[in-house]
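First the structure, in the form of structure tokens, and then the observations on it.
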Amino acid sequence: MFIKRFGPYFRYLKPVRLQFGIGLAAGLVYAASSGFGIPMVIKVLVPLITQEDKPTGWALAVILLSIPTIFFFRAAGNFVNAYYIAYTGMHVLEQLRISVFSRVQALPMAFFHKNKVGDLMSRIMGDTAQLQTAIVKVVDSLIKEPATLISAAIYLIYLSSVENDVTFILIAMASIPACVLPIKVVGTIILKKARRAQKQAGELTHVLNENLSATREIRAYNLEEREVSRFGDACRDFLVKSLKVVKYDKCLTPTIELVTSLAITFALYMAIQKDIDEGALASILAALYMCYQPIKRLGVVSNTVRKAEASLDRLEEVLHSEDTVPDAIDPAPLDTVKGDILFENVSFRYSDKEAPVLRVINADIKAGEAIAMVGPSGAGKTTFVNLVPRFYDALEGKISIDGRDVRDISKTELRAQMALVSQEAILFGDSIANNIRLGKQDATREEVQAAAKMAQAHDFIEALDNGYDTQVGERGSRLSGGQRQRISIARAFLKDAPIIILDEPTSALDAESEHYIQAALEELSKGRTVLIIAHRFSTIQHADRIFVFDAGEIIATGSHKELYPSNKLYRSLYDKQAKTVHEVDAADS
């Protein structure tokens, strides 16, 4: 069962198989020293105290030296085993996390709509640690503990042959099944409880991540007490589910110890009845103890395996998740892209249970054209744009770039021909230069500065204490919204892609920042195909054509002069925004 379930993940041991092998070999030394060595030493040493004819001189020295010798091998084996198992465990954990994280990077956008960020963090950090324990420590225990048990059993066989009595072997054999039964029962219960606890751990991480991502809003709306209550509820739920796992986990060892005590009591009774000498009796008790101690530890191992199995189920939901936007099996290399984009009868919905977001869309966009998309919220503008770089795939119809179906082009090559400037500029916790360099990771400092100048960002960057080496903070928190947006635009300039996607980059900016960014966007758009998702009509004044979206359809196309008198929806949207702008200006004056 264990090998079948966890076997595919043993490949993570391959890079550290030598260290793992050394650890297992040392574990066998520890097992032999414990299971056979200690009972043998006890059998030899006890008579030294009780018998009248005691050895002297070198004979006594050799017998006494057996104590530190056995314990030296036991201690050395234990240390080497513990160190190398920990060594391999840390390497396996690293590879597991990288493997799951790499898979997450390859999954389509639809996956992230179905899964919470906090839950994914819990899987990558917490569930991988549980799986690592199963792969490394459990394998070690499954070799070391049975070896200890077998060593003790061999000693009992040896003693039985010497004493010509199999009673104690039968006692050990009869009590082992009594120990195994609770291991199986408790393990089944723990698997169910651990699944619920791990799921709640993901929910707890989600609540924490959501809170730390919205610190400003929480304080603005006085939500502190609500958030404390919400986090407390999640913590308590996790506590309740975790305690159920702990309850069954911790009841196993006392149960096995109870069975052990009954077996040892019976062994003592038989020894008294058969008048066995003190040395043999002491060694028998030690051997029986060494038989039951591994069984007790294997019970703990069984519980660990069950908890790891629950974590593995959660990890496999990520590792085996279907890529709904697969790469072509044999994609042809992409030649120089001009920027022609063609939609042919394209329809799309996010799931089978939802209504279509786009309905039979046909659009022919020529290279170098600037196309603005307007319409009410939920009309399909963002979805239309997201289909071009294959963040999603059309369910029906076809999208082409320069006459090539985007599904026949590798996603890496396709996206290399596009630059995205989002409504919310995303910066990483690094220097300004490295954030701009994301557009071209091997760019020189001179290229980075040239891109910043074109994005109207160079002057404010140079005014900072560390210039281009300034750390922007988490998500760019040390910069203003306008500054973050200009760095995002500089990134697009540096990428120098033939197709630009502008997801309303000025909607959340003040007038001065918008002025700078509008100038930068006009420069960025020259000679490129530009798709603009517009909420502010000031953004589309330089567009060659405007697509008006409503209920997943393009209901009209044309310039502002053509659409304003002819399309009721466009005129309504434009008038509402113009009225809002007029009221704001009047209030300011």
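Quick one: which residue in 441, 417, 456, 449 is surrounded by fewer than 19 Cβ atoms within 10 Å (Cβ to Cβ) and of a type in the set (S, T, N, Q)?
441
Can you tell me how many residues within region 410-444 are out of contact with any helix residue (DSSP H, G or I) (no Cβ under 7 Å at 6 or more places or on another chain), in a helix (DSSP H, G or I) and charged (D, E, K, R)?
Qualifying residue count for the region: 3.
Among the candidates 481, 476, single out the residue that is more than 29 Å from residue 542 (Cα to Cα), in the same structural domain as residue 428 (by TED's automatic domain parsing) and touching a helix residue (DSSP H, G or I) at 6+ places or on another chain (Cβ under 8 Å).
Answer to the selection: 476.
Does residue 556 count as small (Gly, Ala, Ser), at pLDDT 85 or above and in a loop (DSSP other than H, G, I, E, B)?
For residue 556, the condition - small (Gly, Ala, Ser), at pLDDT 85 or above and in a loop (DSSP other than H, G, I, E, B) - is not met.
For region 395-402, state whether one or more residues are in contact (Cβ under 8 Å) with a residue 60 or more places away in the chain, assigned to a loop (DSSP other than H, G, I, E, B), farther than 30 Å from residue 481 by Cα and not aliphatic (A, V, I, L, M).
Looking through region 395-402, at least one residue is in contact (Cβ under 8 Å) with a residue 60 or more places away in the chain, assigned to a loop (DSSP other than H, G, I, E, B), farther than 30 Å from residue 481 by Cα and not aliphatic (A, V, I, L, M).
List every residue pair whose Cβ atoms lie under 7 Å apart, where the two residues are 6 or more positions apart in sequence or sit on different chains, the first residue falls within region 236-252 and is under 11 Å from residue 196 (Cα atoms) and among the acidic types (Asp, Glu), and the second residue, located anywhere, is surrounded by 13 or more Cβ atoms within 10 Å (Cβ to Cβ) and modelled with pLDDT of 80 or more.
So the pair list comes out as 237/200.
Can you tell me which residues in region 373-382 are part of a helix (DSSP H, G or I) and surrounded by 20 or more Cβ atoms within 10 Å (Cβ to Cβ)?
Of everything in region 373-382, just one residue is part of a helix (DSSP H, G or I) and surrounded by 20 or more Cβ atoms within 10 Å (Cβ to Cβ), namely 381.
What's the total number of residues in region 68-99 that are among the hydrophobic types (A, V, I, L, M, F, W, C), over 19 Å from residue 12 (Cα atoms) and touching a Ser or Thr at 6+ places or on another chain (Cβ under 8 Å)?
Total satisfying the criteria: 3.
Determine if region 324-337 includes at least one residue that is outside any loop (DSSP other than H, G, I, E, B), modelled with pLDDT of 85 or more and over 24 Å from residue 104 (Cβ atoms).
No, there is no match, as no residue in region 324-337 is outside any loop (DSSP other than H, G, I, E, B), modelled with pLDDT of 85 or more and over 24 Å from residue 104 (Cβ atoms).
Tell me which residues, restricted to region 445-473, are part of a loop (DSSP other than H, G, I, E, B) and either touching a helix residue (DSSP H, G or I) at 6+ places or on another chain (Cβ under 7 Å) or within 30 Å of residue 381 (Cα to Cα) (or both).
455, 456, 457, 470, 472
Inspect all residues belonging to region 17-33 and state whether any of them is at pLDDT below 80 and assigned by TED's automatic domain parsing to the domain that holds residue 313.
Taking every residue of region 17-33 in turn, none turns out to be at pLDDT below 80 and assigned by TED's automatic domain parsing to the domain that holds residue 313.
Among the listed residues 302, 351, which satisfies the condition of being at pLDDT below 85, among the polar types (S, T, N, Q) and either surrounded by 15 or more Cβ atoms within 10 Å (Cβ to Cβ) or in a helix (DSSP H, G or I) (or both)?
Just a single option satisfies the conditions, and that option is 302.
Consider only pairs whose beta carbons are under 8 Å apart and that are at least six residues apart or on different chains; among these, list those whose first residue lies in region 549-564 and is more than 24 Å from residue 387 (Cβ to Cβ) and in the same structural domain as residue 370 (by TED's automatic domain parsing) and whose second residue is among the charged types (D, E, K, R) and modelled with pLDDT of 90 or more.
559/545
Does residue 187 qualify as being in contact with a helix residue (DSSP H, G or I) (Cβ under 8 Å, 6 or more places away or on another chain), at pLDDT below 75 and crowded, with 19+ Cβ neighbours inside 10 Å?
yes
Test residue 227 against the criterion of being modelled with pLDDT of 80 or more and either outside any helix (DSSP H, G or I) or outside the structural domain of residue 39 (by TED's automatic domain parsing) (or both), and give yes or no.
no
The values are calculated or read from the model by the stated rules, or taken from the named source; none is laboratory data. Computed from a predicted structure; not experimentally measured. Note that we place each Cβ from the backbone using ideal geometry, even for glycine, and neighbour counts take in every protein chain shown.
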